Structures are given as structure tokens and as C-alpha cells.
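Structure record follows, encoded as C-alpha cells.
The values are calculated or read from the model by the stated rules, or taken from the named source; none is laboratory data. Keep in mind that what you see is a predicted model, and the values were worked out from it rather than measured. Here the Cβ positions follow ideal geometry from the backbone for every residue, glycine too, while neighbour counts run over all protein chains shown. SASA here: full protein model, heavy atoms, side chains in, ligands and nucleic acids out. Shrake-Rupley method; radii C 1.70, N 1.55, O 1.52, S 1.80 Å.
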Amino acid sequence: MTPTRLALIGFGTVGQGFAEILAERGERLATRHGLAPTIVAISDFHRGSVYRERGFDPKELLGAADDLERLEADAKGWDALTTIRRSEADAVAELSFTDLTTGEPALTHVREALARGMDVVTTNKGPIALHFAELRALAAEHGAGIGVEGTVMSGTPTLALGAGLLASAGVTRIQGILNGTTNYILTRMEAGLDFASALAEAQREGYAEADPSGDVDGIDAAGKVVILANLVMDAPIGMADVERRGIREVSAADVAAAAEAGERWKLIGSVERAPEGGVRAAVRPQRVPLSHPLAGIGGATNACTFTTDLLGDVTLVGPGAGRLATGYALVEDLIALRGRR
Ligand code: HSE
């Protein structure tokens with residue numbers, strides 16, 4: 001078994017969830033999947049940066065997560081690009097913050113790693129929603145792999161299923177509840193809470209983006225629609241191609257009226273083949289009957305229905321955020337990439 005030497009760019013919730021999985025389930029990953037990742041470097045803007053040639057025990061990283069530079073290391077204080085250039089890692093986990101306008105700084109990190117022939121695994125929607133075609137070509141040019149499972153529905157294997165097993169069944173439409181925060185808010189509004197209290201709860205539970213307007217206005221869901229369109233339907237659309245409306249326009253009275261009629265409001269992200277060619281993509285609040293496959297999805301849970309030529313509808317339901325759920329997406333990507341090393 002060849003160990004994969006990993007450099008982590010960012011050691012927040014996702015990186016720490018990943019380290020916890022390695023600490024608790026490393027043996028199972030090795031025996032079941034032949035996967036033995038060793039974290040040799042971490043660079044985090046707030047928590048510090050460390051490199052150790054022989055690697056770190058995930059438990060010691062978790063114990064020093066607030067100040068990594070307390071650890072004994074061969075080098076400290078490297079910024080992200082120096083870490084990518086000097087750590088001699090096989091793979092980079094890009095886990096810095098998401099920016100769906102520029103994709104930076106993650107975009108620069110991912111480009112640098114791929115251009116050096118390093119595999120990249122990332123949960124960061126920014127570079128993938130904005131520059132997937134370029135990054136895929138860069139990876140191919142340099143013999144590197146790129147794993148992005150955690151960008152949509154965290155570790156729920158949406159892209160593995162959609163872009164892998166379902167793509168050849170002829171996917172004609174994808175509809176999903178792709179943002180946990182807004183689904184949580186709508187669910188709590190059905191229980192009688194007002195919008196602001198429901199949002200505050202979602203933030204306390206840790207579902208919301210740093211700036212929750214990205215959730216509430218449908219930007220986060222639009223990024224995921226773009227990623228699904230590109231990876232599952234080979235449709236090269238960008239953020240501007242998604243017709244987007246968020247949930248601010250759904251009032252408490254709208255929610256109550258739907259409930260009275262036996263219906264529900266859901267923020268649905270969709271992409272479908274258009275009769276005139278290409279695809280149509282949208283994120284918008286929709287009032288759906290209880291018979292709709294996505295109507296029963298409550299709280300922060302996510303779901304995605306793939307409509308296919310050969311199988312009809314296939315619906316996947318699971319978490320869309322969370323420390324271990326998103327950390328596990330990196331494990332899935334590493335398993336998928338492991339044959340390459
Ligand atoms: N803010 C996102 C959500 C987290 O609420 O679903 C995962 O992208």
C-alpha cells in the first residue's frame with residue numbers, strides 16, 4: 001500500500017472532521033480500501049502552518065488545532081502556495097473559504113497543485129463552479145486527478161452517483177434541495193417561527209455560510225446547480241446562466257397558505273435539457289404538492305432527484321453539511337483517486 005502524502009490548505013471544520021475520520025477509522029480505510037493518507041503539511045491562515053516530512057498523527061493535529069505551530073515540525077509559517085510547492089505532497093486538500101464570485105484564493109491553490117501534477121481534493125465550490133472545465137483540462141495535461149464530491153451535498157455521494165453511475169442512463173433533469181440553511185428556515189417557518197429566528201437557529205446549528213445571504217439568496221444552491229450541470233450533464237454553464245431567486249420573497253403568510261392547501265415551499269435548484277438544445281438552469285422557491293419527491297425533505301437535509309431515460313427518477317437523500325459528513329467527502333475522493341497512485 002503506497003501512503004498518500006497530503007497537504008491541507010485550511011484546517012477549519014472540514015479539515016478537522018477529516019482528521020477525526022483518519023484518527024477513528026484509519027485502519028478500516030487501509031484494510032477495506034487500501035487507503036493510508038498521511039498529513040504532512042497544513043497551512044491555515046488563522047491556525048498557523050506546519051510541515052513535517054514523516055507526517056503528523058491526526059490526533060496530535062486535533063489536539064493543537066487552535067495553534068498548529070505548537071507542534072514539533074520541520075518547517076513552520078509557510079503560506080498556502082509555499083506549502084503546495086515545498087511539502088512534496090502527492091495530493092492537496094483545498095479547504096479554504098468559498099468565494100463564488102472570484103473563486104479565490106482557492107482557485108490559485110488548485111491551479112498551482114494541478115500544474116505540479118498533484119492530485120486535488122476539495123469541498124470548495126468556488127473554483128469548481130467558476131472554472132471546472134479549465135481545471136479538468138489542467139489536471140489532464142499534468143496527469144493529476146481532481147475530486148470534488150464535497151462541493152454538492154457534502155459526503156452524500158451525489159457526484160459519484162450522478163457523474164459516475166447515472167450519467168450513461170441519460171440524465172435529462174436534476175432537481176434538488178441543495179441548500180440546508182434555506183430548507184431548515186422553510187421547515188421552521190412551517191412550525192410558526194419567523195424568518196429571522198429560523199435563520200438564527202440555522203446559524204447556531206452551523207449550517208449557514210459565513211455570510212448567510214449566500215444561502216438565503218440562492219447563490220450557494222446556484223453554485224451547486226452549475227457543478228451538477230457541468231459534471232453530470234456535460235453542460236458547460238456558469239453562474240450567470242442560472243435564473244436565481246432566493247427565499248426572502250416567501251412570507252410567513254405564503255408558508256401558512258401552502259400548508260392549508262396541503263403543499264410546501266421548497267427552494268429547488270434544477271437543470272434540465274431544453275428542447276431547443278443546451279440546458280435550462282434555475283434556483284427558485286416553489287410550492288410543491290406533498291406527492292413531489294422533494295416535499296418530504298425537512299430540516300437541513302438535502303436531496304437530489306435525477307430524472308433519467310433508463311431508470312426514471314432516482315432520488316438521493318442525505319446531509320449537505322457538517323464536520324464529519326463533509327470530511328468524509330474527502331475520503332470518498334481519495335478512494336476514487338487511489339487507483340492513480
Ligand atoms: N451553507 C450550505 C448549506 C453549506 O446550508 O447547505 C453547504 O454548502
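Below are the figures for this structure:
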| item | result |
| --- | --- |
| Any hit, segment 292-313, residues being within 16 Å of the ligand (Cβ to nearest atom), on the phi < 0 side of the Ramachandran plot and surrounded by fewer than 18 Cβ atoms within 10 Å (Cβ to Cβ) | yes |
| Any hit, segment 163-174, residues being in the same structural domain as Arg245 (by TED's automatic domain parsing), under 13 Å from Lys224 (Cα atoms) and more than 10 Å from the ligand (Cβ to nearest atom) | yes |
| Residue match in segment 183-205 (condition: away from the ligand (no atom under 14 Å from the Cβ), surrounded by fewer than 24 Cβ atoms within 10 Å (Cβ to Cβ) and within 16 Å of Asn230 (Cβ to Cβ)) | no |
| Within segment 34-56, considering residues that are of a type in the set (Gly, Ala, Ser) and over 15 Å from Ala89 (Cβ atoms), the one most open to solvent (accessible area, probe 1.4 Å) | Gly34 |
| Leading residue by the ranking (nearest to Thr172 (Cα to Cα)) among those in segment 274-293 that are of a type in the set (A, V, I, L, M, F, W, C) and in a strand (DSSP E or B) | Val279 |
| Filter result for the condition that a residue is free of Cβ contacts under 8 Å to residues at least 24 places away in the same chain and part of a helix (DSSP H, G or I), over Ala202, Ala196 | Ala196 |
| Single residue of Thr83, Thr31, Thr108 found to be outside any loop (DSSP other than H, G, I, E, B), more than 16 Å from the ligand (Cβ to nearest atom) and open to solvent by less than 20 Å² (accessible area, probe 1.4 Å) | Thr83 |
| Test: residue in segment 209-232 that is at pLDDT 95 or above, within 17 Å of Val283 (Cβ to Cβ), open to solvent by 40 Å² or more (accessible area, probe 1.4 Å) and within 11 Å of the ligand (Cβ to nearest atom) | yes |
| Candidate set: segment 4-28, residues that are free of Cβ contacts under 8 Å to residues at least 40 places away in the same chain and over 18 Å from Arg323 (Cα atoms); chosen: the one surrounded by the fewest Cβ atoms within 10 Å (Cβ to Cβ) | Glu27 |
| Test: residue in segment 68-80 that is open to solvent by less than 20 Å² (accessible area, probe 1.4 Å) and touching a residue at least 60 places away in the same chain (Cβ under 8 Å) | yes |
| Identity of the residue in segment 246-261, part of a loop (DSSP other than H, G, I, E, B) and of a type outside the set (Ser, Thr, Tyr), that ends up nearest to the chain's Cα centre (by Cα) | Gly246 |
| Residues that are more than 16 Å from the ligand (Cβ to nearest atom) and buried (at least 18 other Cβ atoms within 10 Å of the Cβ), drawn from segment 86-105 | Ser87, Ala89, Asp90, Ala91, Val92, Ala93, Pro105 |
| Residues satisfying the stated conditions in segment 274-286, i.e. farther than 22 Å from Met153 by Cα and either within 16 Å of the ligand (Cβ to nearest atom) or open to solvent by 60 Å² or more (accessible area, probe 1.4 Å) (or both) | Pro275, Glu276 |
| Counted residues, segment 314-331 - those being open to solvent by 40 Å² or more (accessible area, probe 1.4 Å), away from the ligand (no atom under 13 Å from the Cβ) and within 13 Å of the chain's Cα centre (by Cα) | 2 |
